[in-house]
1. Identify all residues within the range A:190-206 that are within 12 Å of chain B (Cβ to nearest Cβ) and closer than 22 Å to B:Phe101 by Cβ; write none if there are none.
2. Since A:Val155 meets every condition but one in (1) touching a Leu at 6+ places or on another chain (Cβ under 9 Å); (2) of a type in the set (A, V, I, L, M); (3) at pLDDT 95 or above, which condition does it not meet?
3. Looking at (1) more than 13 Å from chain B (Cβ to nearest Cβ); (2) crowded, with 17+ Cβ neighbours inside 10 Å; (3) touching a Pro at 6+ places or on another chain (Cβ under 6 Å); (4) not charged (D, E, K, R), can you tell me which one A:Asn234 breaks?
4. Do any strands (runs of 3 or more DSSP E) lying entirely in the range A:90-189 carry at least 1 residues that are away from chain B (no Cβ under 14 Å), within 20 Å of the chain's Cα centre (by Cα) and not small (Gly, Ala, Ser), and which ones are they?
5. Go through the range A:262-288 and give me each residue that's of a type in the set (A, V, I, L, M, F, W, C) and within 14 Å of another protein chain (Cβ to nearest Cβ).
6. Would you please list the contacts, defined by Cβ atoms under 6 Å and residues six or more apart or on different chains, that run from a residue in the range A:381-395 that is more than 14 Å from chain B (Cβ to nearest Cβ) and within 13 Å of A:Pro160 (Cα to Cα) to a residue that is small (Gly, Ala, Ser) and part of a strand (DSSP E or B)?
7. Considering every residue within the range A:235-244, establish whether at least one is out of contact with any Phe, Trp or Tyr (no Cβ under 6 Å at 6 or more places or on another chain) and closer than 20 Å to A:Leu127 by Cβ.
8. Test A:Glu333 against the stated conditions and say whether it is free of Cβ contacts under 8 Å to residues at least 24 places away in the same chain and of a type outside the set (A, V, I, L, M, F, W, C).
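The values are calculated or read from the model by the stated rules, or taken from the named source; none is laboratory data. Values in this document were obtained by computation on a predicted structure and should not be read as measured data. Neighbour counts are summed over all protein chains in view; Cβ atoms, including those assigned to glycine, are modelled from backbone coordinates with ideal geometry.
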Amino acid sequence: MKNLNKSLLALLVSSVLISGYTAADVKISGFGSVVAGRTLDDVTLDNVGFDWSQSPSASNPPSVTREQILTADFYDVGQYSNDFSFKPETVFALQVVADMGDNLKVTGQLVAKGTDDFSPEFDWYYLTYQATDELTLMAGRRNIPMYYFSEFSEVGYAYPWMRPPSNLYWWQVTQFNGLHAMYDFSLGDYSNTISVFYGNEYSNDNKEMKYYDELYGGSAKSVNELWTDIMGFNWNLSGDFFDVRFVYFQNDRDRETIAQDGSIADFTPFSQAFLGFGGTLDLAMFTFLFDWNLVTYDDAHGTEFPTYLISAVYNLDEFHPFISYSKADHKREKRANTEDYEEHYMLSYGIRYDFHPSASFKIQYDKFVDEAVPESGWRYHGDSDTVTVGVDFIF
Amino acid sequence: MFKHYNKKQLSIIFTSLLVGMLSTHSVSAEIAVIVNSANGSALDKNSIERIFMGKMKKFPNGQVALPMNAAKGMNSRDEFNKSVIGRSSSQVNAYWSKLVFTGKGSMPNELSSDAEIIATISSNQGAIGYIDSGSVTDAVKVIAKF
């Protein structure tokens with residue numbers, strides 16, 4: 001994050017000399033990950049798309065055997081198969097922060113991802129106004145502060161693993177346009193930040209929802225995923241050896257599944273609430289990371305998604321071997337059968353090696369176990385064993 | 001070749017190898033934490049750490065603190081991070097990367113030599129930095145040594 005602003009500064013200085021304006025102080029920094037991997041085996045999926053009212057036949061197979069697939073990035077549908085690939089997770093991002101003086105800054109993040117064939121997009125753009133020493137206001141496009149690792153989930157250098165466990169970070173919406181107010185204060189030696197936020201996300205032609213539509217035999221032209229009136233707060237508390245965060249937010253959900261003929265399927269809107277508590281603890285040679293979350297819908301099924309993550313890292317100079325376990329479940333509390341829906345866990349281990357002050361090498365093995373019962377129709381992930389290697393860097 | 005050594009000699013060799021490995025990082029120069037001569041603040045280790053981690057933004061006298069890092073790869077930076085922050089430089093960089101790329105903090109500025117750090121601190125009332133103890137001059141005030 002060295003300020004690579006000398007040549008820009010030269011440009012700005014020359015523009016100042018010409019125009020007489022006060023030059024904005026522009027800082028350029030960035031991050032990225034070059035990651036490659038593959039799954040190791042085949043998997044037999046029982047009945048994904050199987051019609052239980054019909055007898056098994058060639059057109060209605062009770063099980064299919066295919067290559068294992070690990071979805072490493074749900075939002076961008078970044079998936080590993082048996083082919084060794086760089087595409088699912090490789091990412092490069094450039095951040096430009098222009099300090100315009102009088103406590104006003106503008107930030108943009110240009111992100112190029114393998115899943116989008118590296119066509120760069122401005123994923124983040126927002127204004128920051130430092131109203132007082134304690135109060136910061138932001139307006140624009142940012143990640144929704146959902147899980148503990150959500151806001152920096154693409155900054156691989158910031159955490160020990162290849163990625164925050166993808167079987168929890170599975171939402172089809174991760175960003176929104178909105179307003180944030182952050183208030184910093186101290187309680188003794190503890191630093192606190194309380195943020196409140198409000199915004200909307202009209203995710204037209206949502207990639208993940210289109211993927212599910214196709215997976216279950218649909219032929220939609222596009223699926224628009226609408227998350228509106230997203231409002232909530234984060235409370236971050238940190239001390240010498242810990243950092244914890246509490247989150248609550250709620251929003252309205254709607255969806256437009258648009259058929260090839262342009263007609264839109266019926267969808268009953270509902271509201272969801274997101275609750276979470278996560279953090280990191282540094283104890284001697286160990287770092288522990290955890291996150292517990294509960295998403296509830298006020299829909300007809302009483303849908304709930306309880307999820308959690310626990311992880312331990314051993315810090316041996318520049319070597320950081322780690323293990324993590326993440327579990328996701330799907331319940332329908334208002335149905336007779338409350339339990340038999342989507343359910344899976346991931347057991348991951350690997351090592352991070354900080355071979356350079358601004359870059360780290362990682363290798364990771366992920367065992368994904370799909371625990372959904374075959375009859376549920378929710379066993380669409382399938383088990384997988386995946387190896388990934390990569391380098392994360394910042395500049 | 002090993003047949004020339006007996007068990008005791010081998011264990012001495014292994015022990016000295018181990019000691020050698022463990023002590024490579026403790027061969028360290030003393031670090032001096034310096035502030036502007038006009039800065040009357042007394043800071044304990046915890047406060048210095050909090051200033052360099054962006055958690056404490058002002059000195060006790062209300063002056064805004066401007067922490068200055070030694071450039072990446074300078075010995076003093078690794079030593080400071082290890083003895084004051086209690087983490088490796090890479091771990092400190094990882095901590096900052098999550099703040100910088102979410103717009104929640106700016107990493108301390110980097111200066112490329114002890115002389116440059118002294119010059120910057122002597123001309124900025126709120127600046128605070130660290131240098132090799134041997135580089136200290138009268139232009140700045142030492143508030144702690146590690």
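1. Passing the criteria: A:Ser191, A:Asn192, A:Thr193, A:Ser195.
2. Among (1) touching a Leu at 6+ places or on another chain (Cβ under 9 Å); (2) of a type in the set (A, V, I, L, M); (3) at pLDDT 95 or above, the lone unmet condition for A:Val155 is (1).
3. Looking at each condition in turn, A:Asn234 falls short on (1).
4. A:104-113, A:121-130, A:175-187
5. To start, the set of residues in the range A:262-288 that are of a type in the set (A, V, I, L, M, F, W, C) comprises A:264-265, A:267, A:270, A:273-275, A:277, A:281, A:283-286, A:288.
Selection gives A:Leu281, A:Leu283, A:Ala284, A:Met285, A:Phe286.
6. From the range A:381-395, the pairs are A:Gly390/A:Ser33.
7. no
8. Taking the combined requirement at face value, the residue does not satisfy it.
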